[in-house]
Structures are given as structure tokens and as C-alpha cells.
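Structure first, commentary second.
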Amino acid sequence: MRGGIIICCLEDTIPLSLYPPVEPYIPVGPSVGLETGEIEMESSLAFEYERATKNKYRFREASDEPVMGTIYISKDHFEERPDKLEVTLRVLDR
């Protein structure tokens, strides 16, 4: 199985990294893959800043039923600390 997470900031256009690098963003929801013809599943999840650790920022999922829960992202990936993030989780192969 191959998958990835796209992380973007909701407040400003702060350059962020991709974990792992994936293809450009595709709108949320099931879609048909251009190369394989297989259905791709994708979810966008909202995260809010919770606290800082020594080298990372901790974000918690803003949901009553979290899918990912808590994520940690290196401080080096931000010029300024964002208050909110949107993370896109995409299943590319099954």
C-alpha cells in the first residue's frame, strides 16, 4: 500500500514540506485515478495548535471523532507557528 499526507497551513501561505512527497492536491472525496483507473480515497482533517515541545509543534485534530489524533511537526518547517493546519490523507493504492 502506498499513501501520503499533504500538510498545509490555513492562515498564511507558509511553505511546508510533504510527508512523504506525493502528487499535487486532488479535491476531497473518492475519485478515479488517471493512470490506474482505481478509486482513490481522500480525507481532509483540521488540526489546531496545542503546544510546543523542544523541536516540534504539537497539533490536535479538531474533531469529535479523530482519525489521526495528534501530530507533531518539526519547527524547522515553519517561518512562524500556525494556529491551524489542514492535513489531507490520501490512499493511492489498495
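Every read-out reported here was derived from the displayed coordinates using simple, explicitly stated rules and does not represent laboratory data. Values in this document were obtained by computation on a predicted structure and should not be read as measured data. Glycine gets a Cβ as well: all are built from the backbone with ideal geometry, and neighbour counts include every protein chain shown.
Here are the numbers for this structure:
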| item | result |
| --- | --- |
| Linear extension gain, S74 paired with A62, 0.36 nm per residue minus alpha-carbon span | 2.3 nm |
| Approximate spin-label separation K54-D93, in nm, with each point projected 7 Å along Cα-to-Cβ | 3.7 |
